[in-house]
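To keep things clear, I will list the structure first and then write my remarks on it.
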Amino acid sequence: MSVFTIHHITRYDYDRPVKESVNEIKIFPFVSPEQEVLHHELIITGQPEILTFTDYWGNKTGCFNLLQPHKEMVIESKLTVRTAIAPEPTISVPSYVANLEAAIGNDLHLLELVRTAPSSSEALMQSYIASFYSPDKTIDQIVKDCCAFIFTDFTYIKGITTIETTVDEIVAQKAGVCQDFAHVMLELLRMIGIPSRYVSGYICPNKNGMRGEGATHAWVEAFVPNHGWIGIDPTNNVWATNNHVKLAVGRDFSDCTPAKGTFKGPARQSLSVYVSVGYEDGHVFEEINAVKMQKQSAADEAELIIDNFAGQQQQQ
């Protein structure tokens, strides 16, 4: 087991007052037996009432409004969590792709998570699949081999993709960050017929060489009949471990965005994101990112759509 203290601040500054800001947040730890929340505190500008509910994918979600004019909005999360994840999944009953149709049945969630997106790279993606897939492999072995393929054949480079980069574009350059690797892996597994979901959270490696520390991280979970979901991290070529803290799941990043919303006003906005992770040995990792914002208003009282992590704040 591991205990982490995570401090996560998302800060928006505006060059003139904005108003009627309506926001949605998904920065609550995902409810699962592998995570025990010891403490969680949210501090938001203006101390608004937060309405919480469980979304379609099972994520705890919060909504709040800032109706009065304001020149800054800060969303601060203070989390202490204990993780207890096995080093690798133990599959007691071997399952194969041939078992999936019966296991999925009419389950709408699984059917949604096996649906592929239109792609101009399908032939190339099929060639990738041919390099690691065989019908006589178990599903967990296919997932592991797919992860290893992405880790080996794709290059981890920050700054060359954005939250809007498509799978076709990622495949064309064979490089990106954790969000990109997760999206490619999801598409490959779904093309095989394995229901798979995107996972948003934190990685807390404490100087052990894993990539993605700082800001938020992304990985993949695949469905195995008679077992359930197994998590794997293609950025680091490892099964999800005690170093992974899960926040939300969904079809892709858009279902797991830590914060998004709307406001009214002709302001220019800037975004910074600070994350620190405290470890049991006393070490603290911290990082702050200034984020370039693309969306801005063109007229007085224009309504802007803002995505508090999607303003080029990728999951790394």
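The values are calculated or read from the model by the stated rules, or taken from the named source; none is laboratory data. Given the structure is predicted, the values throughout are model-derived calculations rather than measurements. In this analysis, Cβ positions are derived from the backbone assuming ideal geometry, glycine residues included, and neighbour counts consider all displayed protein chains.
Some points to look at:
- Scan of segment 133-147 for residues that are of a type in the set (Asp, Glu) and within 22 Å of the chain's Cα centre (by Cα), ordered by number: Asp140, Asp145
- Where Ala175 falls short, out of the listed (1) surrounded by fewer than 19 Cβ atoms within 10 Å (Cβ to Cβ); (2) aliphatic (A, V, I, L, M); (3) in contact (Cβ under 8 Å) with a residue 24 or more places away in the chain: (3)
- No other residue among His70, His109 is more than 25 Å from the chain's Cα centre (by Cα) and surrounded by 12 or more Cβ atoms within 10 Å (Cβ to Cβ) apart from His70.
- Here is the figure for segment 9-49: residues that are touching a residue at least 24 places away in the same chain (Cβ under 8 Å) and either more than 26 Å from Ala86 (Cβ to Cβ) or in the same structural domain as Gly231 (by TED's automatic domain parsing) (or both) total 23.
- Among (1) farther than 30 Å from Asp13 by Cα; (2) touching a strand residue (DSSP E or B) at 6+ places or on another chain (Cβ under 6 Å); (3) at pLDDT 95 or above - the single one Pro89 does not satisfy: (3)
- Residues within segment 137-190 that are part of a loop (DSSP other than H, G, I, E, B) and small (Gly, Ala, Ser), tallied: 1
- Any hit, segment 187-204, residues being more than 24 Å from Gly58 (Cα to Cα), of a type outside the set (Phe, Trp, Tyr) and free of Cβ contacts under 8 Å to residues at least 12 places away in the same chain: no
- Residues of segment 216-272 satisfying the condition of being under 11 Å from the mean Cα position of the chain (by Cα) and among the small types (Gly, Ala, Ser): Ala218, Ala248, Gly250, Ser254
- Out of Ile194, Ile157, Ile150, Ile170, sole residue that is β-branched (Val, Ile, Thr), under 24 Å from Val245 (Cα atoms), within 18 Å of the chain's Cα centre (by Cα) and surrounded by 20 or more Cβ atoms within 10 Å (Cβ to Cβ): Ile150
- For beta carbons closer than 6 Å, sequence separation of 6+ or different chains, a first residue in segment 131-148 that is not assigned by TED's automatic domain parsing to the domain that holds Leu189 and a second that is outside any loop (DSSP other than H, G, I, E, B) and acidic (Asp, Glu), there are no qualifying pairs.
- Flag: Phe64 does not match the condition of being part of a strand (DSSP E or B) and surrounded by fewer than 16 Cβ atoms within 10 Å (Cβ to Cβ).
- In segment 4-23, residue surrounded by the fewest Cβ atoms within 10 Å (Cβ to Cβ) [restricted to those that are under 30 Å from Glu34 (Cα atoms) and of a type in the set (S, T, N, Q)]: Thr5
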